[in-house]
Amino acid sequence: MKLPPLKSLSFFLAAARNKSFKSAAQELFVTQAAVSQQIRLLEENLQCQLFIRDSKQTLLSNEGERLFPFIENAFSQISQGISLLSAEPDPNTLKITSLHSFTSLILIPKINEFQLMYPEMMLQFSPSNQLVDFKDNNVDIAIRRGKGIYQGLESRELIKDEVLLVASSLLFEDAFPSMDILLKTPMLLDISSDLKPAFELFCNQYKITVDDFKISLQTTDSVPVIEKTIAGQGMCFVSKSLVFERLNEGTLINLFDFSAQSPISLFLVAPPKNFQWEKVKKFEAWLNVLFNSG
């Protein structure tokens, strides 16, 4: 037997529960006319009248009364099945994948704060610069820098990233040294693509060129660049999301108060259902507090 369209059956269920096409439309976020159309299609498919309509109320017909408990039970079974697939696995184990740089510079130094809040939670880190496949269930949540577009996944922005020029407070007492002193200071250069436009913007703003700088290191790995900068071995252009804690505590200073909006931001990424898990909600809330403190 060919079954009626599932959409029509869902509209029937809403109308029967609410005893009103208008209320069903509000529940389903559609127009009342759309509800009427779907009910009419279902009645034509079943070749019987399901509702008795008058000016005051909408009641089920005898046929509708007989059909209603079966449809209600069917959708309940579907909902239970979906819930089983969406159930939170290992509620006391949070599996996190993050960029190598963010794991080393932010998560590992700060995660003790999260563990003090939730001592029952065991954390598993999987540092990776590649977006992992969530289908194997080895990861609950990912932290990524990008534009937030990942097919089949939900992205929640943690911070609108900026690119800053920073140096250790051990190296400069003043955030505004003379340009002559600045150009004699070693530049530790992370040549990641999103940092290059900021470097060029700084040069254009102060009428200098890249060649005017004393570049002592070039790499695509931000970790050694930031570590050497903190140690006072030079200055660097860097994403604010990787050094905001150091700026807040005064270990690093933002030279010339320079800031350039980054074309990419920091996102929390996962399948939509994962964001409903309590352990992920707790981690997201902690991250938001972390990024908005100070």
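Taken together, the values in this text are just the output of simple stated rules run on the coordinates, not laboratory data. Since this is a predicted model, take the numbers as computed values, not measurements. Backbone-built Cβ (ideal geometry, glycine too); neighbour counts: all protein chains shown.
Among the listed pairs LYS207/LYS228; LYS240/LYS279; LYS160/LYS281; LYS196/LYS228; LYS19/LYS279; LYS19/LYS273, those whose Cα-Cα separation exceeds 29 Å are LYS19/LYS279; LYS19/LYS273.
Using Cα centres only, tell me the gap between segment 272-294 and segment 1-52 in whole Å. Using only Cα atoms to place each centre, the spacing works out to 39 Å.
The alpha carbon centroids of segment 228-248 and segment 143-200 are separated by 8 Å. With a cut-off of 18 Å on the backbone N, the residues of segment 212-243 near the modelled label site 7 Å out from CYS203 along Cα-Cβ are 212-220, 235-238. Shape call for segment 251-294 from the C-alpha gyration tensor, a ≥ b ≥ c root eigenvalues: rounded (a/c under 1.5), prolate (a/b greater than b/c) or oblate? Verdict is oblate for segment 251-294. Taking the alpha-carbon distance from LYS184 and a cut-off under 13 Å, which aspartates and glutamates remain once sequence neighbours fewer than 8 residues away in the same chain are dropped? The qualifying aspartates and glutamates are ASP211, ASP212. In plain terms, the chain from GLN218 to GLN37 could stretch by 58.6 nm, reckoned as 0.36 nm per residue minus the Cα-Cα distance. Annotation: amide H of PHE267 within the under-5 Å range of ARG144, ARG145, GLY146, LEU158, sequence separation 5 or more or interchain, hydrogens built in the peptide plane. Considering all C-alpha pairs of the chain, those separated by over 31 Å amount to 52%. Stretching the chain fully between GLU88 and VAL132 yields a gain of 13.9 nm (0.36 nm per residue, less the alpha carbon separation). Label segment 93-175 by shape, choosing from rounded, prolate and oblate, from the square roots a ≥ b ≥ c of the eigenvalues of the Cα gyration tensor; if a/c is under 1.5 it is rounded, and otherwise prolate applies when a/b is larger than b/c, oblate when it is not. It comes out oblate by the Cα gyration axes. Only bridges whose two residues both fall in the chain count here: according to DSSP, what percent of them are antiparallel, nearest 5? Antiparallel bridges make up about 60 percent of those DSSP assigns within the chain.
Applying both filters, DSSP loop and at most 16 other Cβ atoms within 10 Å, to the GluC sites (Glu not before Pro) of segment 102-185 gives GLU120, GLU173. Relative to the longest principal axis of the Cα atoms of the chain, the long axis of helix 240-249 lies at roughly 60 degrees.
For segment 162-261, the Kirkwood hydrodynamic radius from C-alpha pairs, put into Stokes-Einstein at 37 °C and a viscosity of 0.692 mPa s, yields a diffusion coefficient of 249 µm² per second.
Helix 278-292 and the long axis of the chain differ in direction by around 40°, with both axes built from C-alpha atoms.
With a Förster radius of 45 Å, plug the Cβ-Cβ distance of VAL210 and MET117 into 1/(1 + (r/R0)^6) and report the FRET value to the nearest 0.05. According to the calculation, E is roughly 0.50. Each eigenvalue of the Cα gyration tensor of segment 1-150, multiplied by 5 and square-rooted, gives one semi-axis; in descending order these are 50, 16, 15 Å. Rounded, prolate or oblate: which fits segment 77-133, taking a ≥ b ≥ c as square roots of the Cα gyration tensor eigenvalues, rounded meaning a/c under 1.5, else prolate when a/b beats b/c? Since a/c reaches 1.5 but b/c is at least a/b, the shape of segment 77-133 is classed as oblate.
For segment 6-86, the relative contact order works out to 26 percent when only alpha carbon pairs closer than 8 Å and six or more residues apart are counted. Taking every pair of Cα atoms in segment 78-230, average 1/r, invert it to obtain the Kirkwood radius, and report Rg/Rh to two decimals. Radius of gyration relative to Kirkwood radius: 1.09. Using alpha carbons only, how many degrees (0 to 90, rounded to 10) separate the axis of helix 6-18 from the longest principal axis of the chain? Approximately 80 degrees, to the nearest 10. Sorted into 5 angstrom bins from 0, the C-alpha pair distances of segment 6-86 split as 3, 16, 26, 25, 17, 8, 4, 1, 0 percent.
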